[in-house]
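The values are calculated or read from the model by the stated rules, or taken from the named source; none is laboratory data. Everything numeric here is computed off the predicted structure, so don't read it as measured data. Cβ placement follows ideal geometry from the backbone for every residue including glycine, while neighbour counts extend to all protein chains displayed. Protein only, heavy atoms only, side chains kept; ligands, DNA and RNA dropped before computing areas. Shrake-Rupley method; radii C 1.70, N 1.55, O 1.52, S 1.80 Å.
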Amino acid sequence: MSLIDEELEKLKSYTASVHRPIDFKDFWQKALQEDFQLTAQLELERISYPLTQVEVFKASLCASDGVMLKGYYLRPASVNIYPALVRFHGYSGNRGQISELLFWALQGYAILGLDVRGQCGETPDGRIYPQGGFSGWMTLGIDSPNHHYFRYVYLDAVRAIVALSKQPEVDSERLGVFGKSQGGGLAVISAGLINGLGEEVGLQTKVKVISAAIPFLADFRGSFKMQRDGEGPIAELSWYFRLSDPEHKHEEDVFKVLDYFDTVNFAPWVGEAGKKGFVSKSLVSMGLKDTACPPPTVYALYQALSGEKKLLVYPEYGHESPDEFVDRQLEFLARELR
């Protein structure tokens, strides 16, 4: 038995410490209904770029609470209908450089990359949260799922996909989402919300393909128990307890809120699109030496995913992806969307 097979056998016995709230579906259905009272429409400003094969735009998208999400939108220059991708970035990152999206536009995709609100890009977060958190975003609004920071981030992610699907040059039947770490989690979550609840709130969009590299935001309780001091965003929870609840008297209240935002709870919706003949396909990667997103939490997410799926395991990698994964991702997306 190979090392990978041995590790996967061990992971099969792991039980995620995730609880799905009784009102989980109602909570997110109501959130989507409120969010899409405002039309999702990209605002584009053409910018000069020294390649004739692509058109490059500054992109803006107004969130339902008025926050203007900023990023880039690229599409091939030839007149055509294209498959389309949304790229989500990692925790405390931003939409990245044009060159990062160029890699995909030159392959024939229309691609959108937006900042996650309030992180390290040009997009602010104008909300006032009733309860502050330790440096970072994990515990912002931790008193209630209705106030938590990630409620708005997840709705922004859905809005980005819907807005992209409305572009006249985009083939809405060939939509994909991808990202690494936080971005991988957002890819799964946004696809789950759209495919699982979209029709119930009047959205016609479906996400066909999901690529989630070393996904974060999964099995918060398990991640917290397995964390090493000071490593990754989950460490923010430790500091929150140190400063606000040193005896952990309200620990379960904190994790009950985080259950509403756990990727494992969204994963079963990814393959639930009601459209006849629709099948979602997912590619997930995992590093066996990852301490930011421990392998059991990634495996729990993978196990919960519905639809067709494949897991790539890298024994010698931590919270990173080898170049080989990019090639596998490229092949996967091309096969399913192009």
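Test residue 87 against the stated conditions and say whether it is open to solvent by 10 Å² or more (accessible area, probe 1.4 Å), under 15 Å from the mean Cα position of the chain (by Cα) and modelled with pLDDT of 95 or more.
It is true that residue 87 is open to solvent by 10 Å² or more (accessible area, probe 1.4 Å), under 15 Å from the mean Cα position of the chain (by Cα) and modelled with pLDDT of 95 or more.
Assigned to a helix (DSSP H, G or I) and either closer than 25 Å to residue 14 by Cα or touching a Gly at 6+ places or on another chain (Cβ under 8 Å) (or both): is that true of residue 228 in this structure?
no
Looking only at segment 116-139, count how many residues are under 18 Å from residue 216 (Cα atoms) and buried (at least 22 other Cβ atoms within 10 Å of the Cβ).
The qualifying residues number 5.
Test residue 266 against the criterion of being aromatic (Phe, Trp, Tyr) and surrounded by fewer than 17 Cβ atoms within 10 Å (Cβ to Cβ), and give yes or no.
Working: aromatic (Phe, Trp, Tyr): yes; surrounded by fewer than 17 Cβ atoms within 10 Å (Cβ to Cβ): no.
No: the conditions fail for residue 266.
Search segment 207-229 for residues that are over 16 Å from residue 289 (Cβ atoms) and pair each with any residue that is modelled with pLDDT of 95 or more and basic (Lys, Arg) when their beta-carbon atoms are under 6 Å apart and the residues are at least 6 apart or on different chains.
Here the result reads 209/281, each pair linking segment 207-229 to a residue that is modelled with pLDDT of 95 or more and basic (Lys, Arg).
Residue 331 passes all but one of (1) part of a helix (DSSP H, G or I); (2) farther than 30 Å from residue 26 by Cβ; (3) open to solvent by 10 Å² or more (accessible area, probe 1.4 Å); (4) touching a strand residue (DSSP E or B) at 6+ places or on another chain (Cβ under 9 Å); which number fails?
(4)
Which of the residues that make up segment 279-294 are at pLDDT below 95, closer than 21 Å to residue 338 by Cα and either open to solvent by less than 40 Å² (accessible area, probe 1.4 Å) or assigned to a strand (DSSP E or B) (or both)?
280
Looking only at segment 246-267, which residues are more than 16 Å from residue 23 (Cβ to Cβ) and within 15 Å of the chain's Cα centre (by Cα)?
Across segment 246-267, the qualifying residues are 263, 264, 267.
Which condition from (1) surrounded by fewer than 16 Cβ atoms within 10 Å (Cβ to Cβ); (2) touching a residue at least 60 places away in the same chain (Cβ under 8 Å) is the one that residue 6 breaks?
(2)
Could we say that residue 124 is at pLDDT 95 or above, in a loop (DSSP other than H, G, I, E, B) and under 20 Å from the mean Cα position of the chain (by Cα) here?
no
Go through segment 173-205 and count every residue that is open to solvent by 10 Å² or more (accessible area, probe 1.4 Å) and touching a residue at least 40 places away in the same chain (Cβ under 8 Å).
Within segment 173-205, residues that are open to solvent by 10 Å² or more (accessible area, probe 1.4 Å) and touching a residue at least 40 places away in the same chain (Cβ under 8 Å) number 11.
Name the residues in segment 140-168 that are of a type in the set (Ser, Thr, Tyr) and surrounded by fewer than 20 Cβ atoms within 10 Å (Cβ to Cβ), would you?
144
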